Amino acid sequence: MTWAIGFTARLIQAGKQAYARKWSFLCVFALIFLGTVAILARLNLLPGVPPPDNSAITFVEEPSVTVSAAMLAPTLKVESPTSIAIPAIKLAVNIENPDTTNISTLDGLLLKGAVRYPTSAMLGEVGNVVIFGHSSYLPIVGDQAYKTFDGIQKLVAGDAITVYSSDEAYTYQVRSVTKENIANNSGIDLTVPGQVLTLVTCNSFATKSDRFVVTADFVESHSISS
């Protein structure tokens, strides 16, 4: 009987202690409960909570950017030639750029050096850059203007020709050298694919029976300063 009374006393004492600590117990229990609920909610494990419906999610597409061919194509730098140099025949002369095809005007400019035919292409432009000049091998002719294109008929395929603008150097490589009879009245095609250079001169001083024609293809261009 004594043990029953002692056990009862201990229960009463424990109950008093638990009652004294009830608020601490409740706070700890509440924190544990809320934390557990939060974790279950994040894992979609709470009863009665349907899983998220991915079909309701709307994806916004990024606006597409259209790049035109014009945006990708490099901008051509079109320039007038100012001089020409051909190391293989030690040739270096200035080039005139008339804006007329008047024969007397062209003849006058030929006394200053080489001349770009006004309706031919410019440097950096697709087409045929046609440059012509006098040539003479007579020792009595002292005016160098009449010897502008002396020796171009000696060029061979692969020789380099450099044509300068005010700030760029354009390199061409000789493709062919031909002798053409004026009687055939064969013209020079100005509308050719790619960038082509054509040099033209008469085969002898004061005659126009034949002409030498040098055709060269564009290789590269670079700034003179570089």
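With respect to the conditions (1) over 14 Å from Ser120 (Cβ atoms); (2) modelled with pLDDT of 90 or more, Val192 falls short on a single one, namely (1).
Restricting attention to segment 159-176 and to residues that are in contact with an Asp or Glu (Cβ under 9 Å, 6 or more places away or on another chain) and among the charged types (D, E, K, R), the residue that is modelled with the lowest pLDDT turns out to be Asp167. Just so you know, in segment 139-154 the residues that are more than 18 Å from Leu106 (Cβ to Cβ) and among the small types (Gly, Ala, Ser) include one that is modelled with the lowest pLDDT, and it is Gly142.
The values are calculated or read from the model by the stated rules, or taken from the named source; none is laboratory data. All figures in this text were calculated on a predicted structure; none of them were measured in a lab. Please note: Cβ atoms are built from the backbone with ideal geometry, for glycine as well, and neighbour counts cover all protein chains shown.
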